[in-house]
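The values are calculated or read from the model by the stated rules, or taken from the named source; none is laboratory data. Fair warning: this is a prediction, and the values are worked out from it, not measured in the lab. A quick note on method: Cβ atoms are made from the backbone with ideal geometry, for glycine too, and the neighbour counts reach across all protein chains shown.
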Amino acid sequence: MKIDRLMGILAILLQKDTVTAPYLAEQFEVSKRTINRDVEALCKAGIPVVTRRGTGGGISIMENYKIDRTVFSTEEMRDIVAGLRSLDSVHGTRRYRQLMEKLSAGSSDLLEGNSSILIDLSSWYKESLSPKIELIRKAIDERREMEFFYYSPREESIRRIEPYYLVFRWSSWYVWGWCLSRQDFRLFKLNRMEELHMREESFQRKAAFPELQNEKIFPGGIRVKALFEAGCKWRLVEEFGRNCFEEQKDGKLLFQADYTDKESLISWILTFRDQVTLLEPESIRQEIGETIAKMAAIYDTK
C-alpha cells in the first residue's frame, strides 16, 4: 500500500543521509518513477525532501529539518520489531519482514540477533491460516462482504458477514464482524471456516468495537468441583492458575472453578482418564459415567 511505502521511505531517510531512487525502488519493489511520485507526495505532506543530481547526489531530508528520533527508546523499538516479527509468522508475504528491515536500517541493535523476545502466532495451522488472514485483511480494507462455510457446535451453515477485525485471542485466530443472517455481531474462529471468499457487495462500517472480555464470551454458569491426582498439578496450573485447587492431606488436589460449556467440560475431564473424579455437578457426573460405560462396551476386548 502507498501509505506503508511512504512511511518506509521516510524511515530510511531518517536513518541515512542520502539514498538514491534506484536503491529505494529496489527496496520497495517498485519503479523509479513511482519513487519520484512518492518523494513528491512527501513534500506535499510538509516533509522537506530534496533531490540532487549528478555524482554524490540522491534523495535526502533538508539538513536543518529534524524529526525527534528519541520519541521511541531502544527498548520500545525492540518491542515494536518483536510485534512485527510475530505478525510475519502468520502471513505468507514478507511485508512485515521488510518493514522490520526499514525500521532497523542503520540500527543493528534492533535486528533479531540482539532481540530477547520471539513470538510465533502461526500455531499448527500456518498453511491454512495465512491465506485466510490475507483475504480477510483485504476484505476489511476494502469493506467488502465475505462468505464462508462454518462449522459450529450447533450446526454447519453458510455465513455472510461484514468483517471488522482480525483477532488473536485464547491461542486462536478469529474474525469479528456483522453477521447478516443473525443480524448481530459475531466472532468466528478461522480454523472452522472453509470455502472462504470475498463478495462483490460492499458495506458501510458501523461504529462498533469488539468486547472480548472472558466473562462476556465465556460467561461460565457451571460450578465444577473435582478431585485430581497430584500428578495433574502442572496442567491445572497451566490452564487455570495456582489458585484453582487446594492440596489435600493425601496429596490430591481439590479443584473448583466455573466452566462455560457442558460438552467442553466433559471432554476436558475425560482427557485426564483415571486421574480425576468429578464431584459436582451431579448431573454431569452421571453423564460422564454413562459415557464411560458406552466406551467400555466399544473397547471391550473379552
remark   = Of the candidates E155, E134, E127, E147, the one satisfying the condition of being farther than 13 Å from E194 by Cβ and more than 19 Å from the chain's Cα centre (by Cα) is E155
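Residues checked against (1) modelled with pLDDT of 70 or more; (2) surrounded by fewer than 14 Cβ atoms within 10 Å (Cβ to Cβ):
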| residue | (1), (2) |
| --- | --- |
| G92 | no, yes |
| M100 | no, no |
| D120 | yes, yes |
| K132 | yes, no |
| F148 | yes, no |
| F168 | yes, no |
query = Take the residues of the range 258-302 that are at pLDDT below 90 and under 39 Å from the mean Cα position of the chain (by Cα): which is farthest from S152 (Cα to Cα)?
reply = D258
request  = Collect the residues in the range 268-288 that are over 20 Å from K252 (Cβ atoms), surrounded by 11 or more Cβ atoms within 10 Å (Cβ to Cβ) and free of Cβ contacts under 8 Å to residues at least 12 places away in the same chain, keeping them in residue-number order.
outcome  = Q286
message = Criterion first (touching a residue at least 12 places away in the same chain (Cβ under 8 Å) and among the acidic types (D, E)) does E238 satisfy it?
response = no
ask   = So, of the residues in the range 174-190 that are at pLDDT 90 or above and touching a Ser or Thr at 6+ places or on another chain (Cβ under 9 Å), which turns out to be surrounded by the fewest Cβ atoms within 10 Å (Cβ to Cβ)?
value = K189
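What do you reckon, is E229 surrounded by 10 or more Cβ atoms within 10 Å (Cβ to Cβ), farther than 24 Å from S152 by Cβ and not assigned by TED's automatic domain parsing to the domain that holds V175?
yes
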query = If only one of L254, L212 is part of a loop (DSSP other than H, G, I, E, B), of a type outside the set (F, W, Y) and in contact (Cβ under 8 Å) with a residue 12 or more places away in the chain, which one is it?
reply = L212
query = Residues of the range 189-209 being of a type in the set (A, V, I, L, M, F, W, C) and either farther than 16 Å from P131 by Cβ or part of a loop (DSSP other than H, G, I, E, B) (or both), which ones?
reply = F203, A207, A208, F209
request  = Out of the residues in the range 220-251 that are out of contact with any Asp or Glu (no Cβ under 9 Å at 6 or more places or on another chain) and assigned to a loop (DSSP other than H, G, I, E, B), state the one that is modelled with the lowest pLDDT.
outcome  = G241
